[in-house]
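Student: There's a structure below that I have some questions on.
Nothing in this text is a laboratory measurement; each read-out follows from the coordinates by a stated rule. All of these numbers come straight from a predicted model, not from anything done at the bench. Because the Cβ atoms are built from the backbone with ideal geometry, glycine has one as well, and the counts that use them run over all protein chains shown.
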Amino acid sequence: MHSDIVISQSDGRPMYLQIMEQVKQRVAVGEWAPGDEIPSIRQLAMDLRVSVITIKRAYLELEREGVILTQQGKGSIIAPNPGLSPHVYHAELSERLDEVVRLGDLLGLSSDEIARRTKEAANRLNEARLNEAGFTKEIV
Amino acid sequence: MSDFSVQFEGVSKRYTHFSLENIHLELPTGSIMGFIGANGAGKSTTIRILMGLVHQDTGTVRVLGHSMPGDQAAAKLDIGFVSEDMRLYGAATLKWHMDFMRPIYPRWDQTYAEELARRFDLKPQQKIKGLSHGQRVKSALLLALARRPRLLVLDEPTTGLDPVARMEVLSELMAVLADEDRTILFSSHNTLDVEQISDQITFIDRGRIIDSDDKEVFLDRWRRLRLVLPPDGVVPRLPGVVEVGGSGRLPVLTTNRFEPAMVSACNDLGATVQAVDTMTLEEIFVANVHSRRERLTA
């Protein structure tokens with residue numbers, strides 16, 4: 001299988017992260033289905049002209065995240081249940097939290113203050129849920 | 001068979017104006033090592049000792065299980081060596097060189113040699129003296145690769161090549177590694193090439209090895225932290241800091257022992273971490289060389 005993965009040297013992120021992301025995208029959009037064989041470490045290294053150790057690292061981390069399975073001597077396949085969706089959301093949450101913290105920092109808020117505001121937001125959401133529940137109950 | 005294709009132990013060589021001191025080097029079989037150093041750092045001397053062309057004063061060198069320089073005749077059958085000053089016969093053609101090598105090396109692969117000529121866009125009938133620098137380098141590389149050596153030693157293989165030729169050369173080097181028993185050592189001062197294809201990286205400066213590790217470990221360990229200090233704040237003491245730059249309240253620390261926990265440690269000490277920058281191999285190399293040189297002169 002040809003990988004069509006593209007590595008950018010001006011991306012700024014480590015190459016192994018770029019590879020991981022592109023494998024996950026292919027799985028997320030269904031291009032690589034569970035059970036599909038993916039290129040061997042050495043094959044992908046050759047295709048991308050990237051060191052074996054970099055691909056090895058990307059595959060190890062993908063395995064740790066449960067996206068792929070590697071069998072000694074048999075190569076790697078997409079895991080039967082790659083469980084990508086929760087992971088994708090977690091990644092997005094971290095990204096948004098980083099944004100929140102940066103913004104708070106720009107406004108001169110301490111990290112305690114930012115934490116307090118985050119807690120407040122969570123409380124607001126809870127209240128809204130409770131109200132909604134109460135409201136539905138009343139209707140019933 | 002040993003898991004290392006190349007092993008240097010305590011190797012030294014003294015010249016009047018330059019000395020190579022206590023070199024330790026281990027190159028695992030099946031991997032690529034990039035050997036980085038400034039001009040005159042000792043890369044070529046190290047490679048010449050590896051090839052048995054220069055004899056070390058002290059220390060042991062083993063290459064593919066052979067002791068160097070003693071067993072160099074046997075070792076060389078399995079080593080492909082390409083260096084900048086390698087001479088091909090100007091009056092002869094590339095084909096003449098191929099025919100010359102063929103009976104000498106039992107593993108010579110004629111089909112592969114012809115395929116490489118096509119891929120490198122070389123005409124075997126052309127005389128060497130009519131070739132450009134890039135074509136000569138590619139010719140030398142073709143002659144080394146077609147022998148299918150277990151160890152390829154390349155002294156500055158990409159220097160002076162145009163971008164297209166560089167890409168062709170790097171592709172062929174990666175193709176060699178499809179076979180897990182084959183190993184490559186290449187020296188370069190083009191850190192971009194080294195960063196892209198190397199598994200192991202070794203930095204050499206002023207005749208000493210100053211760092212040697214997995215590439216991924218290198219790239220993970222080195223970070224630049226940009227801090228904002230409170231008024232009257234002091235720069236926090238962090239592990240592995242090799243350089244403090246920036247200005248008064250906006251210091252920039254370069255560390256070679258980065259861990260994510262450092263960020264919260266800084267915050268606890270009252271310094272805000274504005275950014276954690278990854279570093280390119282080139283930046284790591286320069287910071288590494290500077291800090292070592294400063295320590296030596298301090």
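Student: Given R₀ = 51 Å, what would the calculated FRET efficiency be for residue B:16 paired with residue B:247, taking r from the Cβ atoms and rounding to 0.05?
Tutor: According to the calculation, E is roughly 0.70.
Student: If I take every Cα pair under 8 Å that is 6 or more residues apart in segment A:15-81, average their sequence separation and divide by the length, what percent do I get for the relative contact order?
Tutor: Worked out over segment A:15-81, it gives 41 percent.
Student: Take the residue pairs B:43/B:95; B:43/B:215; B:76/B:138 and return only those whose Cα atoms are more than 22 Å apart.
Tutor: The answer is B:43/B:95.
Student: Sticking with this structure for a sec: Relative contact order for chain A: what is it in percent, counting Cα pairs under 8 Å that are at least 6 residues apart?
Tutor: After rounding, I find 20 percent.
Student: What list of ³J(HN,Hα) couplings, whole Hz, do you get for segment B:155-170 from phi and the Karplus terms 6.51, -1.76, 1.60, once you set θ to phi - 60° and write x for glycine and proline?
Tutor: 9, 6, x, 9, 5, x, 8, 6, x, 5, 5, 4, 4, 4, 5, 4
Student: In addition: With all pairs of different alpha carbon atoms counted, what Kirkwood hydrodynamic radius in Å does segment B:1-81 show?
Tutor: 13.0 Å
Student: Please list 3J(HN,Hα) in residue order for segment B:245-250, calculated via the Karplus relation 6.51 cos²θ - 1.76 cosθ + 1.60 where θ = phi - 60°; whole Hz, with x for glycine and proline.
Tutor: x, x, 10, x, 8, 10
Student: Further question: Per residue of segment B:279-293, in order, report the coupling 6.51 cos²θ - 1.76 cosθ + 1.60 (Karplus, θ = phi - 60°) as ³J(HN,Hα) in whole Hz, putting x for Gly and Pro.
Tutor: Along segment B:279-293, the couplings run 10, 6, 4, 4, 5, 5, 4, 5, 4, 4, 4, 4, 5, 5, 5 Hz.
Student: Beyond 28 Å, what share of the Cα-Cα pairs of the protein assembly as shown is found? Please give it as a whole percent.
Tutor: For the protein assembly as shown, the share of Cα pairs beyond 28 Å comes to 61 percent.
Student: Using only atoms on other chains, find how many Cβ atoms lie within 10 Å of each Cβ of peptide B:193-202 and report the average.
Tutor: 4
Student: A follow-up question, please. What residues qualify as long-range amide H neighbours of residue B:86, i.e. H under 5 Å apart, gap of 5 or more or another chain, H built at 1.01 Å from N?
Tutor: none
Student: Still on this structure, I have one more. Find the relative contact order for chain B and round it to a whole percent, using C-alpha pairs within less than 8 Å whose residues are 6+ positions apart.
Tutor: The normalised contact order for chain B reaches 20 percent.
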